[in-house]
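The structure appears right after this line, and notes come after that.
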């Protein structure tokens, strides 16, 4: 297992990075991070907050209409319901397979053999049925 080294930056270094951002030398925090070889993704953002330069942190503003908020809430609810239904269906499938195994064991038939016979009967029944008029 490889050990991660911890890099400690001096206060003057942190302030210099912030000063360069304020002066507009870099168009983004990512550019400053790359230029100075700073590894941590949130490192410079932490410095900006610590030294009261929050205005340099990029902000994401999300504007939604009221019906969009309701739509997102409704979609999340539907996803939750579908996950529950999927779990129920998977549980029923597992129970059905267990019952099939027990039934085949009681009849003295292999499950795969039984499934092949059922598929063969189903196929022949579908081809023997007369076409609807």
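Values quoted throughout were computed directly from the atomic coordinates according to the rules given, and no laboratory measurement underlies them. Here the structure is a predicted model, which is why all the values come from computation and not from measurement.
For segment 66-128, what does the alpha-carbon gyration tensor say about shape, rounded, prolate or oblate, given a ≥ b ≥ c as the root eigenvalues, a/c under 1.5 as rounded, and a/b over b/c as prolate? Taking the square roots of the gyration eigenvalues as a ≥ b ≥ c, segment 66-128 is oblate. Between 117, 77, 59, find the one with the highest GNM mean-square fluctuation for the chain; connect C-alpha pairs within less than 10 Å. Per the Cα network of the chain with a 10 Å cutoff, 117 tops the list.
Given axes a ≥ b ≥ c from the Cα gyration tensor, I'd like to know whether segment 11-56 is rounded (a/c under 1.5), prolate (a/b larger than b/c) or oblate. Could you put the intermediate results ahead of the total?
Numbers: a/c = 1.33, a/b = 1.11, b/c = 1.20.
Since a/c stays below 1.5, the shape of segment 11-56 is classed as rounded.
The candidate values are (1) 14.6, 45; (2) 32.1, 90; (3) 22.8, 72; the one derived from this structure for Rg and Dmax of the Cα atoms in Å carries the label (2). The relative contact order of the chain, computed from alpha carbon pairs under 8 Å that lie at least 6 residues apart in sequence, is 12 percent.
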